[in-house]
Amino acid sequence: MKNISEDILFAKSVLDKGNLVAIPTETVYGLAANAFKEDAVDKIYKLKDRPKNNPLIIHCHSIEQIEKYVKEIPKDAYELAKQFWPGPLTILLKKNNLIPDFVTAGSEYAAFRIPNHPITLELLKSIDYPLVAPSANPSNRVSPTKAIHVYDYFKETIDFILDGGDCIEGIESTIVHFDDGTPKILRPGSVTFQQLFYVTPSIEMNQEIQDIPQAPGMSKKHYSPITPFITIEKIDLKKIIKYQFEYPKIALITQKKDFISVKNIDVFSLSEKGDLNQIATNLYDTLITLDSKKYDLIITELAPEVGVGIAINNRLKRANNI
Ligand code: TXA
Ligand code: MG
């Protein structure tokens, strides 16, 4: 594994040449390129096999930097930015001409975020361009939360992986849009509805969030393991055992410690006591790890539909693939 280390200067040199670097953030690892270089951005789409109509989040180090790239920051957006940046919040803002159309798939809105990770913030401050970075996984696969996940996906086909340890949040950023003046959550994420509501009480959860993709990448099926995968509302042993006719060896992921002992069903709990933040941190690592074992089916119990549980369930429901 020659291409993983904590060397920020080396990461900068790779990016300066128009090549790709996987960067750590507090949510998930991103696959980063110079936002101003079309051929560098192209490499992201090719490596991820990502449809060109799916735009990319622009990562910056400060609100002052973002102000250079947008027409305006609406008042509510500014309040959210001050409260949650650096942090797991992405805000769509009307871009100016400095942000190329190939970053936003032609949209007049660009997605901005200041990630809360010391290494990546230092990298962002050391360069004079912003970084576009989608999650560092092949399209439709589970987002990586450890440097080794990125390596296992891309091996040496990615130039460099900047190792910043494990991602603390473990689930992607919350995306907020201000198109008609009212803030709307397009993608539930690490920052919860309640946290946003506290700062901007007019915020709405997009009602169609489960059904109709709002952000181009929010297609219904997404973030999926390769292994057959299904979610259940709560642990129901009879139902689980029925699946064994078709899928003999099952991995069962529970939200809190559960004592189930059935032949050929292995149980993995995301958190001892059902702590939602711990569940979010462990979720993708558990999915990626179990996906590489030889299970016939992965069954995952849904989280309580509160706080970050809403984002967790949003991802889990869209991972169903049978
Ligand atoms: O936590 C995160 O947001 C991570 C880390 C690396 O920052 N990034 C991430 O990127 O999850 P990605 O590309 O996997 O998901 C970004 C989502 C996609 O659904 C994309 O369609 C949407 O954001 N998006 C990006 N730019 C947009 C734009 N200009 N308008 C609408 N949606 C946009
Ligand atoms: Mg993604």
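What region 229-319 shows is 50 Å² of accessible area per residue, with the surface traced by a 1.4 Å probe over protein heavy atoms.
Which of the three applies to region 5-110, rounded, prolate or oblate, going by the alpha-carbon gyration tensor with a ≥ b ≥ c and a/c under 1.5 meaning rounded? It is oblate, given that a/c is not under 1.5 and a/b is not larger than b/c. Going 7 Å from the Cα of I148 in the Cα-to-Cβ direction, what parts of region 271-309 have a backbone nitrogen less than 18 Å from that spot? Flagged as within label range: 281-294. Sorting the Cα pairs of the chain by distance into bins of 10 Å, from 0 upward, gives 6, 27, 34, 23, 9, 2, 0 percent per bin. For the chain, with all protein chains in place and a probe radius of 1.4 Å, 52% of the accessible heavy-atom surface sits on carbon or sulfur.
Rounded to the nearest 0.05, the FRET efficiency derived from the C-beta distance between D296 and D42 at R0 = 41 Å is 0.60.
Taking P118, P86, P130 as the candidate residues, the one with maximal mean-square fluctuation in a Gaussian network model of the chain, Cα springs under 10 Å, is P118.
Using the 1.4 Å probe convention, the accessible area of region 4-205 works out to 40 Å² per residue with neighbouring protein chains retained.
Tell me, which longest segment in the chain has none of the chymotrypsin sites (Phe, Trp or Tyr not before Pro) that fall in DSSP loops with at most 12 further Cβ atoms within 10 Å? Of all site-free stretches, the longest is 1-244.
Quick one: among S135, S271, S107, which has the greatest mean-square fluctuation in a GNM of the chain with alpha-carbon springs under 10 angstrom? Among S135, S271, S107, the largest mean-square fluctuation in the Gaussian network model of the chain belongs to S107. Could you check how many percent of all C-alpha pairs in region 99-155 are farther apart than 12 Å? Across region 99-155, Cα pairs with separations above 12 Å total 74 percent. Using a simple charge model, +1 on the beta-carbon of Lys and Arg, -1 on the beta-carbon of Asp and Glu, nothing else, what dipole does region 108-165 show about its Cα centre, in debye to the nearest 20? I would put it at about 200 debye. Computed about the Cα centre, the dipole magnitude for the chain is approximately 780 debye when only Lys and Arg (+1) and Asp and Glu (-1) carry charge, each at its Cβ.
Think of region 229-319 as a dipole: +1 on every Lys or Arg Cβ, -1 on every Asp or Glu Cβ, centred on the Cα centre; then among I230, I240, L316, I240 lies furthest on the positive end.
Taking the charge dipole of the chain about its Cα centre, with +1 at Lys and Arg Cβ atoms and -1 at Asp and Glu Cβ atoms, the residue from T157, I265, L196 reaching farthest to the positive side is I265. I want to verify a result. In a Gaussian network model of the chain, Cα cutoff 10 Å, which of these has the top mean-square fluctuation: G164, G30, G106? Ranking G164, G30, G106 by mean-square fluctuation puts G106 first. Between E108 and D275, the FRET efficiency estimated from the beta carbon spacing at R0 = 25 angstrom works out to 0.05.
Sketch the reach of a paramagnetic label on F10 as a point 7 Å from Cα along Cα-to-Cβ, and name the residues of region 156-177 whose backbone nitrogen lies under 12 Å away. Hits in region 156-177 for F10 at 12 Å: 159-163.
Can you tell me which lysines have their Cα less than 21 Å from the Cα of K239? Leave out same-chain residues fewer than eight positions away. Within reach: K249, K256, K257, K263, K317.
In this structure, the residue pairs whose Cα-Cα separation is over 19 Å, taken from K94/K184; K234/K273; K52/K146, are K52/K146.
Quick one: longest stretch of the chain between exposed loop trypsin sites (Lys or Arg not before Pro), exposed meaning at most 12 other C-beta atoms within 10 Å and loop per DSSP? The longest uninterrupted stretch comes out as 72-219.
The values are calculated or read from the model by the stated rules, or taken from the named source; none is laboratory data. On a predicted model such as this, the values are computed, not experimentally measured, just so you know. Note: ideal-geometry Cβ built from the backbone for every residue, glycine included; neighbour counts use all protein chains shown. With ligands, DNA and RNA removed, areas are computed over all heavy atoms of the protein, side chains included. Shrake-Rupley method; radii C 1.70, N 1.55, O 1.52, S 1.80 Å.
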